[in-house]
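First up is the structure itself, then whatever we jot down about it.
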Amino acid sequence: MSQPQPKITPTLGPLIRARRRQKSITLQDLSDRSGVSVGYLSQLERDNATPTLGTLAQIAKALGVGVDYFIATPRPADALTVADRRMRFSIDGSSVVYERIGAEFAGSEMSSFIIHVPAGYRSETMSHAGEEIVYVLEGSVVQLLEGEEFRMNPGDSLHYRGNRPHGWYNDSGAPAKLLWTGTLELFHGLSGPAGLKEADANQQR
């Protein structure tokens, strides 16, 4: 007797399509990576077919996520972060500390962080797909955008496309705190912030 399979959400098609677009790949690319035909993938994205768990696993692997990305039902409590219990982390060698406040769930496209920027810090100039919003909570930073400089103080914000060269620096002589939200893919499909380390006690205070 066959074992019952996990129930697959009826919104599976849009989730596959949204994830594929996040990865900026075509149906043909997904077909090549997963071994599933373009025609069948097209049917799946239109919710005109229901895959077996094995086929879904092939598609999930090709899209860089686990099967649970498509079939897990997130609890509302999983989206809650509590200020004094939120994990803070930094990239090895960096003095900038991040607090992750966004949640991950199937179909999510945004990431969000509170960024603690020490005095004197200067980021690299970068460009990428998607868009970003920067909002200054405390202190002052200078945001660079396509060669222009914008002095930003508490309450100021800037919304821009990620493909415009951008960066920022803190020359104020005091720490700054920013709220960053964007569609840049960071942790989708990962169990945790790989390559990052939890901030030590001195950074957290």
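Data table
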{"read-out": "Residue tally, condition open to solvent by 40 Å² or more (accessible area, probe 1.4 Å), of a type in the set (S, T, N, Q) and in a helix (DSSP H, G or I), over the range 44-62", "value": "1"}
{"read-out": "Filter result for ALA129 (surrounded by 13 or more Cβ atoms within 10 Å (Cβ to Cβ), at negative phi and modelled with pLDDT under 90)", "value": "no"}
{"read-out": "Every residue from the range 162-171 that is exposed (fewer than 15 other Cβ atoms within 10 Å of the Cβ) and in a strand (DSSP E or B)", "value": "GLY167"}
{"read-out": "Residue list for the range 98-126, filter: in a strand (DSSP E or B), under 30 Å from ALA18 (Cβ atoms) and open to solvent by less than 30 Å² (accessible area, probe 1.4 Å)", "value": "GLU99, SER111, SER112, PHE113, ILE114, ILE115"}
{"read-out": "Verdict on ALA174 being open to solvent by 40 Å² or more (accessible area, probe 1.4 Å), among the aliphatic types (A, V, I, L, M), modelled with pLDDT of 95 or more and in a loop (DSSP other than H, G, I, E, B)", "value": "yes"}
{"read-out": "Contacts under 7 angstrom Cβ, first residue in the range 114-138 being farther than 10 Å from LEU178 by Cα and in contact (Cβ under 8 Å) with a residue 60 or more places away in the chain, partner open to solvent by 70 Å² or more (accessible area, probe 1.4 Å) and not basic (Lys, Arg), 6 or more apart", "value": "ALA129/SER24; ALA129/ASN163"}
{"read-out": "Single match in GLY155, GLY147 (criterion: closer than 21 Å to GLY173 by Cα and surrounded by fewer than 16 Cβ atoms within 10 Å (Cβ to Cβ))", "value": "GLY155"}
{"read-out": "Residue ID - modelled with the lowest pLDDT, chosen from residues in the range 1-36 that are in a helix (DSSP H, G or I) and hydrophobic (A, V, I, L, M, F, W, C)", "value": "LEU12"}
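The values are calculated or read from the model by the stated rules, or taken from the named source; none is laboratory data. These numbers come from a predicted model, not from an experiment. A quick note on method: Cβ atoms are made from the backbone with ideal geometry, for glycine too, and the neighbour counts reach across all protein chains shown. What goes into the accessible areas is simple: the full protein's heavy atoms, side chains included, and nothing from ligands, DNA or RNA. Shrake-Rupley method; radii C 1.70, N 1.55, O 1.52, S 1.80 Å.
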